[in-house]
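Participant: Let me give you the structure first, and then I'll get to my questions.
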Amino acid sequence: MKKFWFLPIIAVIAIWSCSSDNGGEDMGMDDDVALTFDRGAMLANWADNIILPSYQSYEADLAALKDAFDTFSTVKDAQNLVDLRQAWLDAYIGWQKVSMFEIGPAESAGLRLNMNIYPADVTLLESNVDSGNYDLSLPSNRDAKGFPAIDYLLNGLEADDTSLVNRFSTGADADKLLVYLGDLIDDMIQLTGPVVDSWEGDYRDTFVTNDGSSATASVDRFVNDFIFYYERFLRAGKMGIPLGVFSGSTAPNTIEAFYKEDVSNQLFLTALQAVQDFFNGKHFNSSTTGESLASYLVDLNTLKDGAALNQLINNQFNEAKGRVTALDTFRSEIENNNPPTNMLSAYDEVQKAVPLLKVDMVSALSISIDFVDADGD
Amino acid sequence: MSSLVSYFNKYEEAAPLAVFRIFFGIMMLWSLIRFWSYGWIEKLYLTPKFNFSYYGLEWIKPLGDWTYLLFIICGISALLVTIGYKYRIAILVFFLSFTYIELMDKTTYLNHYYFVSILSFLLLFLPANATFSVDAKYNKDIRFQYIPKWNIGVLKLLLCIVYFYAGLAKLNSDWLLDAMPLKIWLPSKFSVPLIGNLLGKEWMQYAFSWGGAAYDLCIPFLLLYKPTRKLAFVFVVLFHVLTRVLFPIGMFPYIMIVSAIIFFDASLHKRILVVISKLFRFNKTVFDNQSYYKPKPITVNKIKYTIIILFFTVQLAFPWRYLLYPGELFWTEEGYRFSWRVMLMEKSGYAQFKIVDNNSGRWFYVDNTDFLTPFQEKQMSFQPDFILEYAHFLSKHFKENGIENNAVYVYCQVALNGRLSKTYIDPEIDLTKQKESFEHKNWILPFKDEIKGI
């Protein structure tokens, strides 16, 4: 007896010493059905069918923007301006589909901060143009570059296209403007290239093989980033802040693509659709779906109140999309209504998805939100 | 009554109490160093702009950079307790400083901190320095090989209460019939070696739920009963190491494992002391003086017994205070803390506060990250007393920033044990008009479900 009673202790200590605080080692699955949801398969679907193709498409959009710019700088006419503006908008739409993937290479590059900080700081931008002496890689210039800066140069400088073409061809600052515009586009291309390379290279495997369930595992980290994006950049940035829901007074100047005016809804809806597609594991530019947060929820059998949580979340996304689609442009909603009741109630529908994601989904997946490094009991 | 009196007159070797003192001191010192080394003093106490206080204890706040000194004092007193130098003062300082630390912000509330606090309070009344201590080495007047048995008995009783009440708390329909919250927690632990891929199985989740409840309810008796003691201790180690592997519960498993040694006979403790004395190369024979603890004057003893009896009466009664509140305990959390309800709920929430300027009608939502750390926000979003305290803080903050006459509303969604999130607080209620008290908060919306059981 005396010799044997500590054997279980040794066994347990063996388990325990093998399990680091971070966990994350893969374990052999049984030959038959997977016993728990295969997080690795979901990560692979995210990486291979959604994240990488979205980035590649975005990179192509930026290349097309560069081409359109080159064409315009060679022949500065109205048609080429329209094409350039369209290429800008296409890239902006492409951006909405990758903005949420701020993890790994995009996170270290600070892609979102460098690509789409709005409103643009027009004073800074103009002084940069004027001096011709600027370093776009500096954090201090983030307010004067990316899509919002191009928005200003293409849509905010002059009242109509004829004057704008004249400004770019014969204006006193024509050369400086053109150089700045070209630098802005180059900056975006330079920032995006390494991110795509990284996903095409090593990072994909780093991401997919980190399929554990600790706070540093890919699923846990990405779900946190995903919700953060939804709350902060989609909900607050694109709607909440212009509506003034955090300040008490509307701020139409903070609308995304402020100078283009009529595309803010489209940009928002593209981003929301991208979020929903990601949630459902829908492959980029295809109707095929793969393992996703939605299928994970189905697998965990979180049937509540008669409706599956994945369905409830999709319903809420659909409701939000419907409400936003019915709106006039954000700028006219905000500037022509006091208070902007319709847009506020659309915002409420966008908002309602937050607790579903942040409370219900996260709790069902047993992911801790904003990883808190402290003991529990 | 006469048997109780005779129990109080029984004597026992002082060795178990000395071993307990030494291990307790080491565990506490280790806990404090660990806490500091993880940067938690700064993160949990110094970074927050606002601290959640216990009702009535609002004056207990972090002390800025002096908080580090508080931890140093606490650590030194733990060290002194370990070696038994100026024991009474050391344990008093430890109790006060540790309790102060735990009361600075209720965001960090843990049952095991509460356990440490009340345990150190109890130790204040026990002659834990009677043997194998610096005090006893140099002062033969307090050097006793034998002490009244009850001094060890009260420690066992406290441990039994902790386990048994933790077990009672598990006797509810969520835990036993739905295997909640383990059904949520266990599948995500698939990367644990050996048992990882079993944790997704439903039978395993039920086995853990029922096993956990049975363990908590039975282990006190298995430890008290000599024939089952060794086996029970194996269970203690097994159980706590398993919880350590599965959940982020810090030092608690180690503290409980080490504490459970108290249940063994004095002979084991004497052997432990021999090992320690050999390890540090000092002679322990001076402590084997065959002397019996000299009772204190009768009035001193009376006060001591009264305090200890009161202490245990409170310990036994306090966890039941939730019965005085209407509504579901897990939902309202009125009477939830300080009751050994450990790892019982998967509860999370989302709270959005709306500030209304009563004069102009202008309103806006608060960005909680402006005021709270992520940990505070997480804890605040599903506990009514946190929500109210934060609402009052917001009202004051905006009053000072130009909105003299304001109202604060909250839109709060809470999910409990796998149920779909529901609105938690009446969104029509102006929280600035509500006062904190021990009375039921009638602005918590009903649970609309039932959890049967204790």
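Every number in this text was worked out from the coordinates using simple rules, so none of it is lab data. Quantities reported herein were computed from a predicted structural model and do not represent experimental measurements. No Cβ is skipped: glycine too gets one built from the backbone with ideal geometry, and neighbour counts run over all protein chains shown.
Participant: Determine the gain in length on full extension of the stretch residue B:231-residue B:304; use 0.36 nm per residue of separation and subtract their C-alpha separation, reporting nm with one decimal.
Facilitator: Answer, rounded to one decimal: 22.8 nm.
Participant: Take the alpha-carbon centre of segment B:354-381, take the same for segment B:163-216, and report the distance between them in whole Å.
Facilitator: First find each Cα centre; the distance between them is then 36 Å.
Participant: Something else about it: Using only the alpha carbons of chain A, determine the length spanned along each of the three principal axes and report them from longest to shortest in whole angstroms.
Facilitator: Principal-axis extents of chain A (Cα, largest first): 98, 44, 38 Å.
Participant: While we're here: May I ask for the net charge around residue A:257, where only other residues with Cβ less than 14 Å from the Cβ of residue A:257 are counted and Lys, Arg are +1 while Asp, Glu are -1?
Facilitator: So the environment of residue A:257 carries a net charge of -1.
Participant: Further question on the same structure: Taking a threshold of 29 Å on the Cα-Cα distance, which of the pairs B:43/B:354; B:10/B:170; B:86/B:278; B:61/B:441 fall above it?
Facilitator: Correct reply: B:10/B:170.
Participant: Okay, moving on. For residue A:213, list long-range residues whose amide hydrogen, built 1.01 Å from N in the peptide plane, is under 5 Å from its own amide hydrogen.
Facilitator: A:24, B:191
Participant: Ok, one more. With θ set to phi - 60°, apply the Karplus curve 6.51 cos²θ - 1.76 cosθ + 1.60 along segment B:421-429 and write out the HN-Hα couplings as whole Hz, x wherever there is a Gly or Pro.
Facilitator: 5, 10, 5, 9, 10, 4, x, 8, 8
Participant: Take every residue in peptide B:420-432, count the Cβ atoms of other chains within 10 Å of its Cβ, and give the average of those counts.
Facilitator: Per residue, the number of nearby Cβ atoms from other chains is 2 on average.
Participant: Length gain on complete extension for the stretch residue A:301 to residue A:205, per 0.36 nm per residue less the alpha carbon to alpha carbon distance?
Facilitator: Full extension of this stretch gives 31.7 nm more.
Participant: Rank A:203, A:250, A:224 by how far each Cα sits towards the positive end of the charge dipole of segment A:167-255 (+1 on Lys, Arg Cβ; -1 on Asp, Glu Cβ) and give me just the farthest.
Facilitator: It is A:250.
Participant: Follow-up question, since we're still on this one. Segment B:353-413: which GluC sites (Glu not before Pro) are DSSP loop and have at most 11 other beta-carbon atoms within 10 angstrom?
Facilitator: B:404
Participant: Per-residue mean of other chain beta-carbon atoms within 10 angstrom of the beta-carbon, peptide B:411-419?
Facilitator: Mean number of neighbouring Cβ atoms from other chains: 5.
Participant: How high is the relative contact order of segment B:92-217, given as a whole-number percent (alpha carbon pairs under 8 Å, six or more residues apart)?
Facilitator: 18 percent.
Participant: Give the cross-link partners of residue A:282 among the lysines, using a straight C-alpha distance below 22 Å as the criterion and excluding same-chain residues fewer than 8 apart.
Facilitator: Leaving aside lysines fewer than 8 places away in the same chain, those within reach of residue A:282 are A:97, A:321, A:358.
Participant: Additional query: Do any GluC sites (Glu not before Pro) in segment B:1-100 lie in a DSSP loop with no more than 15 other beta carbon atoms within 10 Å, and if so, which?
Facilitator: B:58
Participant: In a Gaussian network model over chain A where Cα atoms closer than 10 Å are linked, find which of A:271, A:326, A:294 has the largest mean-square fluctuation.
Facilitator: A:326
Participant: Next question. Can you give me the Cα centroid spacing of segment B:260-339 and segment A:61-118 in angstrom?
Facilitator: If you average the Cα positions of each part, the centres end up 69 Å apart.
Participant: Post the alpha-carbon centroid distance, segment B:74-100 to segment B:1-58, in whole angstrom.
Facilitator: 9 Å
Participant: Within 10 Å, count the other beta carbons around each residue, average over each peptide in B:191-198, A:352-359, B:47-54, and list them highest first.
Facilitator: Taking the mean over residues of other Cβ atoms within 10 Å, the ranking is A:352-359, B:191-198, B:47-54.
Participant: If you don't mind, another one. With θ set to phi - 60°, apply the Karplus curve 6.51 cos²θ - 1.76 cosθ + 1.60 along segment A:326-340 and write out the HN-Hα couplings as whole Hz, x wherever there is a Gly or Pro.
Facilitator: Those phi angles translate into 6, 7, 6, 4, 4, 5, 6, 4, 7, 7, 9, 10, 9, x, x Hz.
Participant: Please give the helix B:298-317 orientation as an angle from the longest Cα principal axis of chain B, in degrees from 0 to 90, rounded to the nearest 10.
Facilitator: For B:298-317 against chain B, the angle is about 40 degrees.
Participant: Ok, one more. As a footprinting exposure proxy, order B:274, A:98, B:134 by other Cβ within 10 Å, with the fewest listed first.
Facilitator: B:274, B:134, A:98
Participant: Using helices alone, what [θ] at 222 nm do you get for chain B, with -39,500 (n - 2.57) per DSSP H run of 4 or more residues, divided over all residues and rounded to the nearest 500?
Facilitator: Value at 222 nm, helices only: -16000 deg cm²/dmol.
Participant: For helix B:266-279, report the angle its Cα long axis makes with the longest principal axis of the Cα atoms of chain B; keep it between 0 and 90° and round to the nearest 10°.
Facilitator: The answer is roughly 90 degrees.
Participant: Using only Cα atoms and rounding to the nearest 10 degrees, what angle (0 to 90) does helix B:87-103 make with the longest principal axis of chain B?
Facilitator: 10 degrees
Participant: With labels modelled as points extended 7 Å from the Cα through the Cβ direction, what inter-label distance (nm, one decimal) is found for residue B:450 paired with residue A:122?
Facilitator: 6.5 nm
Participant: Take B:444, B:261 and order them by how many other Cβ atoms sit within 10 Å, fewest up front.
Facilitator: Result, fewest neighbours first: B:261, B:444.
Participant: 7 Å from Cα along Cα→Cβ at both residue B:369 and residue B:285: what's the point-to-point distance in nm?
Facilitator: With each label point 7 Å from Cα toward Cβ, the separation is 6.9 nm.
Participant: Here's another thing I want to ask about it. Residue-wise, which Karplus ³J(HN,Hα) couplings in Hz belong to segment B:218-234, taking 6.51 cos²θ - 1.76 cosθ + 1.60, θ = phi - 60°, and x for glycine or proline?
Facilitator: 8, 4, x, 6, 5, 6, 6, 8, 4, x, 9, 4, 4, 4, 4, 5, 4
Participant: Right, something else. With the contact rule set at Cα under 8 Å and sequence spacing of 6 or more, what percent relative contact order holds for chain A?
Facilitator: 20 percent
Participant: Of B:226/B:270; B:347/B:452; A:238/A:260; B:183/B:448; B:226/B:296; A:76/A:176, which ones are farther than 25 Å apart at the Cα?
Facilitator: With Cα atoms farther than 25 Å apart: B:226/B:296.
Participant: Restricting attention to segment A:232-337, which GluC sites (Glu not before Pro) occupy a DSSP loop and are surrounded by at most 16 other Cβ atoms within 10 Å?
Facilitator: In loop regions of segment A:232-337 (DSSP not H, G, I, E or B), the sparsely surrounded GluC sites (Glu not before Pro) are A:261.
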